[in-house]
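First the structure, in the form of structure tokens, and then the observations on it.
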């Protein structure tokens, strides 16, 4: 039988809460089997574990869960990989553009903070000079 995992196994391995894993399940990223009375126990497959790992990687890249799901679902399908790779490049390019825009905004804000620091130091120096002259 293939490797299986409990929700606690995955939570511990990936340092997540079981609630987060259930959320990923609700989003359609994971599809565990059910066992036990009334299907209360979730049994995750190696495929679920891989999908969770890919989901977390996509999140670290800053992709939305929907983008992550679309990409992971593409890799799950038996279709040709060329369209999948092209789609991934589009998603990465859009994300890179967004990050570059955020970086430009941060750099502008940082420049503004540096200007205010310089002005404040100058005012403080003038105030100290005036205070010691009096």
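In this structure, does residue 89 turn out to be assigned to a helix (DSSP H, G or I) and farther than 15 Å from residue 14 by Cβ? So residue 89 passes the test. Restricting 71, 10 to those that are touching a strand residue (DSSP E or B) at 6+ places or on another chain (Cβ under 7 Å) and in a helix (DSSP H, G or I) reduces the list to 10. Being in contact with a strand residue (DSSP E or B) (Cβ under 8 Å, 6 or more places away or on another chain) and modelled with pLDDT of 85 or more holds for only one residue in 90, 43, 113, and it is 43. Could you please let me know if residue 79 is on the phi < 0 side of the Ramachandran plot, at pLDDT below 95 and assigned to a helix (DSSP H, G or I)? Here the answer is no, as residue 79 does not meet what is asked. Within the stretch 34-48, if we keep just the residues that are touching a residue at least 24 places away in the same chain (Cβ under 8 Å) and assigned to a strand (DSSP E or B), the residue that is farthest from residue 68 (Cα to Cα) turns out to be 41. Put simply, of 98, 102 the only residue that is loosely packed, with under 12 Cβ neighbours inside 10 Å, out of contact with any helix residue (DSSP H, G or I) (no Cβ under 8 Å at 6 or more places or on another chain) and touching a residue at least 12 places away in the same chain (Cβ under 8 Å) is 98.
For residue 30, are the conditions met, namely being touching a helix residue (DSSP H, G or I) at 6+ places or on another chain (Cβ under 6 Å), at negative phi and in a loop (DSSP other than H, G, I, E, B)?
Yes: the conditions hold for residue 30.
Screening residue 16 with (1) outside any helix (DSSP H, G or I); (2) exposed (fewer than 15 other Cβ atoms within 10 Å of the Cβ); (3) modelled with pLDDT of 95 or more gives one miss only, at (2).
The values are calculated or read from the model by the stated rules, or taken from the named source; none is laboratory data. It should be emphasised that the depicted structure is a prediction, and the values quoted were computed from it without experimental measurement. Methodologically, a virtual Cβ is constructed for each residue, glycine included, from the backbone with ideal geometry; neighbour enumeration extends over all protein chains shown.
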